[in-house]
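To keep things clear, I will list the structure first and then write my remarks on it.
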Amino acid sequence: MRTMDFSSPDTWRWVFLVLAVAFTVGEIALAGTFFLLPFATGAAVAAVAGFVGASVGVMWLLFVLVSAVASSVLWPLRRRLDARNPRSEIGANRWVGRQAYVLRDIPGRTGETGLVRLDREEWRAESLVGVPIPAGSTVLVSRVDGTRLVVLPLDEPSSLPPIPE
């Protein structure tokens, strides 16, 4: 059995080739992060340099430089792409900031609920500001409180209580 000679450029070109493949597979598994892609690019360039006949030092230098340049280009791109396509919240909090349709009157008293439809789901809903919200109105979900939504009216109900002076 032969031992690997880590001072040999022949060994390092294969090491960099394996690293390039491993980083590429890792990037595919973490799609959209652009975290491993710069290192895959650097390792691929270093492997190519090794097959062309570059020394171990040159391969390492190319790996580090190309990885740094690729990182400086790809990571800001990832931030821009993430800003354009914000991910929805996980769990019930994904409903916050969404509009719902009131199916059954929402009383204005604390703790009493009506019924709203949000996408295909029906939720119990409570008025945030203590104002009754009639069926047929549109509301904005301000928070999720257990199994109920706390909502603000978007439509102006016709039966608003008088504002105290």
Filter the range 129-150 for residues that are outside any strand (DSSP E or B) and not hydrophobic (A, V, I, L, M, F, W, C); which is surrounded by the most Cβ atoms within 10 Å (Cβ to Cβ)?
Ser137
Please identify the pairs in which a residue from the range 142-158 that is over 11 Å from Leu128 (Cα atoms) has its Cβ atom under 6 Å from the Cβ atom of a residue that is surrounded by fewer than 15 Cβ atoms within 10 Å (Cβ to Cβ) and at pLDDT 90 or above, counting only partners at least 6 apart or on another chain.
Leu154/Thr138; Asp155/Thr138
Within the range 99-108, identify whether any single residue is surrounded by fewer than 14 Cβ atoms within 10 Å (Cβ to Cβ) and outside any strand (DSSP E or B), and answer yes or no.
no
Here are some residues: Ala40, Ala92. Which one is modelled with pLDDT of 80 or more and out of contact with any Gly (no Cβ under 7 Å at 6 or more places or on another chain)?
Ala40
Which residues, taken from the range 13-71, are at positive phi and buried (at least 17 other Cβ atoms within 10 Å of the Cβ)?
Phe34
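The values are calculated or read from the model by the stated rules, or taken from the named source; none is laboratory data. Computed from a prediction, not measured in an experiment: that's the story for all the values here. FYI the Cβ positions are ideal-geometry reconstructions off the backbone, even for glycines, and counts take in every protein chain you see.
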